[in-house]
Each structure stands twice: as C-alpha cells, then as structure tokens.
1. With only alpha-carbon atoms in the gyration tensor, what are the semi-axes of the equivalent ellipsoid for the range 87-220, in Å, largest first?
2. With N denoting the number of residues in the range 102-155, provide Rg(C-alpha) divided by 2.2 N^0.38 Å, to two decimal places.
3. List the trypsin sites (Lys or Arg not before Pro) in the range 125-200 that DSSP assigns to loop (not H, G, I, E or B) and whose Cβ has at most 14 other Cβ atoms within 10 Å. Which are they?
4. Measuring with a 1.4 Å probe in the full set of protein chains, what accessible area per residue, in whole Å², belongs to the range 166-234?
5. Packing-wise, with mean Cβ within 10 Å as the measure, how do 197-205, 106-114, 222-230 rank, highest first?
6. How large, in percent, is the carbon and sulfur part of the accessible surface of the range 83-233 at a probe radius of 1.4 Å?
7. If r is the Cβ-Cβ distance from residue 189 to residue 233 and R0 is 35 Å, what FRET efficiency results, to the nearest 0.05?
8. Can you list the residues, at least 5 places off or on another chain, whose amide H is less than 5 Å from the amide H of residue 83, using H built in the peptide plane?
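The values are calculated or read from the model by the stated rules, or taken from the named source; none is laboratory data. Everything numeric in this text was worked out from a predicted model, so none of it was measured. Ideal geometry is used to build each Cβ from the backbone, glycine not excepted, and the neighbour counts take in all protein chains shown. Side chains are part of the model used for accessible areas, which takes the heavy atoms of the whole protein and leaves out ligands, DNA and RNA. Shrake-Rupley method; radii C 1.70, N 1.55, O 1.52, S 1.80 Å.
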Amino acid sequence: MKVLLALAILLVGIAMLALAFGFVVNAVRRTQAGESAPDPHTVPPAESPRGMWAGAGISAALGLGSLTAAAVVLISIMAAPTHVLNAPAQAGGLRRDDSPGTQQLTSRQREQLRAAGMPNPLTAVYHQAAEGSTTVLFIGSSGHIDAPAARLREFLSGLAESTGSTGRVPAGYPAGRLKGTVMCLDRLSTGQATLATCGWADEATLGVITTDGGDAAQTAGLLLSMRDDMEKKA
C-alpha cells in the first residue's frame, strides 16, 4: 500500500509540474503579445499574464510538495525493516521456556541490550521436549543493520571473550533459504559447560543461539531450523 501511495503522490507531483509549465508558456506568450502590440489605441490589449504567472507558481509549489512527499514515503519504505523477529512457543522443534525465573532473566537481558543500542532486542530460552536435554539461549535484533557480517563477527567474538576464548575467529556456514551470513564458534568453555554458538545476520535481522551441547555444525543446523520459525516478513 505504501508503494502505491508513493506512486500516486509522484504522479500528482508530475502532473502539477506539467500544469505549471503550461501556465508559464501561456504567461510568456501573453507577455510577448502585450509587448509587440503595434498600437494600443487600435489593437485590443492582450490579456494580462499575471493570472498565468500566479497559476504557474501555485502549480509548481504543489508539484514540488507532492514530489517531496513521495520521496519521504519511498525513503520510509526503504528504511523500514523487510523482516522482523518473534519468539514463538516452538522454534526449530524446541519448546520455549516460560518459567517465571527464565522470563525475568530474558527481560533483564533485553533491557541491557536495548541500553547498549541494539534495535528491537529479542531474547528467549528454548529446550528440547525431553527433560535434561540441550538448553538454547536466543538473542536477536530486528531493524536496519549496517555491515551485517561485521556486526555478527563482533557479536560472536564478544561472546568468545566472555568465556575466556579471546582471539577465536568465527567460521562461516551455509545460510540456507533466508540467505545472509551465518557464522559459528564451538568449544567455548565456561568451566561449567562447553558451549557452541552460531548466528545469522542480514540487513534487517540478527540472531544468535548458544547451546550447552553439540558442535558448531549441529548448532548451525539448529540455527537455520529456528530461524525459519522466528524470522517473518514485516
């Protein structure tokens, strides 16, 4: 709808500029006719061009205003994210943890990410259906993301540093049907568990999962499955 609105405003702007051009042409002709009249006492005076000049000015102003409005609408369309993230009850075959303690934890994480400047942060914890199975922490963001590959690399490197694995370089993995960039790190030790982390990034979304089991390849496959359920068109 926004695209159709922008096109309609653009057409109105072009039409008004065309009308302004017509007014200018007629105003010039009347001005020239008035200047070239041989005898004002024998030839009826030419109609004053003032009305034409006024019409040209009004039409030009309206036309330029319409073009400006169309540009604003088109810019807003280009700036709006094409995809957004949500945390459904199930993602990639995993079940979201909605226990009070987990909700408090993820809420604090979102506030910290928002304070750090991450647009529209989203956090959630997922588990496999079986008790005592793999736990997955999801952190994501939707909005305009400049240099998505670089942002993802920085994010994963920061997670690595937090576990004492400074200097680890994330490895690239296939991004699947939604494209973008996918990178992973594994064998990140916290002293209590060995973690693997994978993330994707494109110009509209960024999502990272961290698991307490599995290697990078397994985590990358899980990431793509969860992304299919979590990333939707805006």
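1. The equivalent ellipsoid of the range 87-220 has semi-axes of 21, 18, 16 Å.
2. Here the Cα radius of gyration is 1.33 times the empirical estimate.
3. Values: sites: 151, 153, 168, 177, 179, 187; in loops: 168, 177, 179.
Qualifying residues, ordered by number: 177, 179.
4. On the way: 3190 Å² over 69 residues.
That works out to 46 Å² per residue.
5. 197-205, 222-230, 106-114
6. For the range 83-233, the apolar C and S fraction of the accessible surface comes to 50 percent.
7. 0.35
8. Amide H neighbours of residue 83: 234.
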